[in-house]
Every structure is written in C-alpha cells, then in structure tokens.
C-alpha cells in the first residue's frame, strides 16, 4: 500500500485467468487475517476453562494480536513499497502460519499472548499488501470489482471466522482455531508463489522512527486500559503507560509533520470528510469488536450455549448488515454522508442500549432486536464512511486513504476490546466481592479472575454454597456486560454528534472534486 504520493511502477499486464487467480489468492490471504481477529472470541470460554486464564489474560490473548496488527500497519505498507509487495506478503504468511502452528501446542496464557503477538506481526505484513497487490497489479477496468471483493472479504471475514471456529469446536478442542489459521495461510502462501506478480518502488523512503512511535503509542495506551482494573488506576504502571502512550502519539504527529514522505500526514485530518469518515470507522469497530469479545462469553457462560450455538445466535447481525451495506453508498449519494453517517451511529447506539438491558434469563427475541438495530446502523454508516475517506483525497493519494481506513479499523478493534473488556472485568470483580468473602484466598482470587472457574469441579462439590457462587457470578458478569455495552452506546452517540457537525455537506462527487483541488494546492 503506497502511503505517499510517489509514482507507482508500471502495472504488469496479466491475462484474465491470471487476474482471477490473483484475486482469489489475495482474498484467501485476507480471509486468514480477518478471521483470526474475531474467530478466537468463540473459543474463549473453552480456553479459559482448560488453561485457567483470567479475564485480563483473555483480553490480552485477543488484543495482543490486534495491538501489534494496528501498530505496524503503517510501516508495513511502506516496507512492501520499498522491498517488494509479493515478497512481504510471502514473509507475512510464513510468520502468521508459523505462529499459529505454535498455538496448536501452547497451553499457557502467557505463551498464548506471545503467539498472538507474533501472529499480529504477520497479519500487519499481509493485510495492507493484499490491497496494494490489487491497486498495482490489476488493470484500471478490473480494479473497482477487485477492490469490491477485497472490501467484502474484509467485512465478512470476521463473521465467517466466528462460524468456522464454532463448527470446529463442536468436534475438536479450542486449539483447532489455530489449525484453521495455519491451513488458510499455507494455502495462500502456495497461491502467492504461483500467481502473484512482484511490484514495488525501490526508491521509496522508510520512516522507521514514525513506525516505531505509532507502535509504542498503540501498545502503551491499550496496555494501560487493560491492566487498570487489575492493578488499580492509581498504580504507576497503569497511569504511566497511558501517559507514555499519549506522549508517543504526540511525538508521532510532531515527527510526521516534519517528514517529506510521512507514513501519515496529520494535516490530512483538516479535511472534514477524511476526519469524519475515520472517526466513524474507528468507533464502529471499537464498539463492534468489543461487543463480540464480551457477548460471545455471555452467550456461553450465562445462557449455556455451545460455541456453535453462540455463533448462530449472532446470525441476525450479518443478515441485516450485508444487504444494507451494499445499498448504503447509493443512499449516501442522495442524502449525503453528513446525514447518513450520524443516523447509522445513532441506530447502532440504539441497538447497544437494547443489549445493555440483557439479564440472566433474557429471551432471545430481545437479544435479536438489539442485533438488528446494531447491524442496520453499521450497514448505514460503514461503507459510506470508507467512501468519505477515499473521496477526500485525489487518486495519487489513495494509498494514504486505504492505510488510514485499515488503521482506524484495527485501532478501533484493539481499543474497543481493551475498554469494554476492562469495564466488564472491573464490574464483575466488584460484583463478586461479597460472594467470595468466605472462600479460601486462592479460590477467591480465581473466581474474581474469571467466571470460568465457577464451572470447575471444586465449585460443583460445594453444594448449595457452590450454586450460590455460580448464581452470583452470572449476575455479576451480566452486570459487567450491561455496563460495557452501555459505555459503547455512549461513545457512539458522542461520535454521531461530532460527525454531524464535522462531515462536509453535499454529495460525495462534489467532495471528491473539492478535495482533489485542496490537496493538489497543498502539494504545490
């Protein structure tokens, strides 16, 4: 993905059959990455029971992947430009598959966190490179259709990952999730070797300092958010890492402003469509991936569903989201993103407000109602938000637009899992304080660490006391889910108000024409 306005190299001439083969391989590579973001959420309860992972450790097992992924996205795109996109894609697939293979034989929470971090390194090399292969290898007439396939896989891969993992867990242990990752990445590696052409820009300059600062900023902020409930917000490590993250972010922006070819020029956020679209993508993925993280645990721990049944319970979401997302760009052309974007965010918030009222015995129709509103809102705002980002920049800066869209998506996912997971953890621990008062210290800490321990044989052997403990844990966990989802709704409503004010008026075509003139003038 070209992150600057440098002129790309010549586009190779591919036969129609080769074009279709490249598109299939690129989609398969992207599927491996995207399915690994959400798919693991289905396996969390099984993983917690078998490994003894606490709620904080579960958050890290999921988020370590996304933190590294988001932090390295910008520099990874530049590496592909500099050293060859095919070469980087192959390297990313090797790292991803090798790390997932380690996950097959790893059972310690700390080791699983390291495995997921290494998978995130591979994912960061894969995702931006797949889009760059399309934009640099496909003829102009074929490019829109190919990008449409890319967007569809990027959006639908998470849902497919949930169902594929749920199916595997019906017959195999939770480690089978990693077997799926290895299989997809291995098949993609062979395909890349056979059909993907090499391309790159050897003259492209690398901004190593900017890449390092972006990784430090994301990692430090997420670390502080996740560790705060366990360590206490007054703990020096909690507030110290949050402060370090803010300082690294400020340093990143200052550094990028002084570069001739920055990874990301902060001045682009002066463009109202660019900023409004980026904010919309950020908060949508913040809320949705935080929701997946906590709700798939709720469906298994509290309602007693199997991993597959938990994934099936989410079906109303894609059923509503996908057709609405396909039609949303047409609606946005007529009414403008400045109307449709806030409407979508408010509708999502409405769904989250419904879901914040979940209880231990909530009927499924009520849960499905919240999912329908959630999917409707995300479909209305998501695709037009990406269009608003790309329409804000001229053609020679579309690499920047793609990079920012991807980074907003993955950063939102990482921060959402951290924030909503931390609220869940803190609310659950507070709600269980009285229930564990009479337990031995070691058992009390295990119950406070994760609701998964309440299904252990030791608790079942406690008789009535054990049943009371399970009941208290379920109610405390549901309270945590409600508080987390309510916080997501509040974030969406605030973002909707900001987007309503910030987004430019007029049609997308008019915005694109205005943006092209503005950016061209700025370049001159």
Please pick out the residue among 202, 197, 173, 139 that is surrounded by fewer than 20 Cβ atoms within 10 Å (Cβ to Cβ), modelled with pLDDT of 85 or more, on the phi < 0 side of the Ramachandran plot and not in a helix (DSSP H, G or I). 173
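Here is a yes/no grid of residues against (1) modelled with pLDDT of 80 or more; (2) part of a helix (DSSP H, G or I); (3) within 17 Å of the chain's Cα centre (by Cα); (4) more than 30 Å from residue 450 (Cβ to Cβ):
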| position | (1), (2), (3), (4) |
| --- | --- |
| 9 | no, no, no, yes |
| 53 | yes, no, no, no |
| 63 | yes, yes, yes, no |
| 68 | yes, yes, yes, no |
| 92 | yes, yes, no, yes |
Within the range 299-324, residues being part of a loop (DSSP other than H, G, I, E, B) and surrounded by fewer than 24 Cβ atoms within 10 Å (Cβ to Cβ) number 7
Mind listing just one residue for me: the one in the range 117-136 that is within 20 Å of the chain's Cα centre (by Cα) and surrounded by fewer than 24 Cβ atoms within 10 Å (Cβ to Cβ) and, of those, farthest from residue 198 (Cα to Cα)? 117
Take residue 282 and decide whether it is in contact with a helix residue (DSSP H, G or I) (Cβ under 7 Å, 6 or more places away or on another chain), touching a residue at least 24 places away in the same chain (Cβ under 8 Å) and outside the structural domain of residue 160 (by TED's automatic domain parsing). yes
Regarding the range 206-220, can at least one residue be identified that is modelled with pLDDT under 85, under 30 Å from residue 311 (Cα atoms) and either in a helix (DSSP H, G or I) or more than 20 Å from the chain's Cα centre (by Cα) (or both)? yes
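Is it true that residue 26 is buried (at least 24 other Cβ atoms within 10 Å of the Cβ) and either more than 17 Å from residue 165 (Cα to Cα) or outside the structural domain of residue 157 (by TED's automatic domain parsing) (or both)?
Details: buried (at least 24 other Cβ atoms within 10 Å of the Cβ): yes; either more than 17 Å from residue 165 (Cα to Cα) or outside the structural domain of residue 157 (by TED's automatic domain parsing) (or both): yes.
So residue 26 fits the description; yes.
Right, residue 296: within 22 Å of the chain's Cα centre (by Cα), buried (at least 24 other Cβ atoms within 10 Å of the Cβ) and not in a loop (DSSP other than H, G, I, E, B) or not? So that I can check it myself, show each step before the final result.
On the way: within 22 Å of the chain's Cα centre (by Cα): yes; buried (at least 24 other Cβ atoms within 10 Å of the Cβ): yes; not in a loop (DSSP other than H, G, I, E, B): yes.
In short, yes.
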Within the range 111-129, can one find any residue that is in a helix (DSSP H, G or I), more than 22 Å from residue 208 (Cα to Cα) and at pLDDT below 90? no
Tally of residues being within 20 Å of the chain's Cα centre (by Cα) and surrounded by 23 or more Cβ atoms within 10 Å (Cβ to Cβ) across the range 469-488: 4
When the range 268-278 is examined, which residues are found to be surrounded by fewer than 24 Cβ atoms within 10 Å (Cβ to Cβ), in contact with a helix residue (DSSP H, G or I) (Cβ under 8 Å, 6 or more places away or on another chain) and in a helix (DSSP H, G or I)? 268, 269, 272, 275
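The values are calculated or read from the model by the stated rules, or taken from the named source; none is laboratory data. What you are looking at is a predicted structure, and each value in this text was computed from that prediction instead of being measured. Cβ sites come from the backbone with ideal geometry, for glycine too, and all protein chains shown count toward neighbours.
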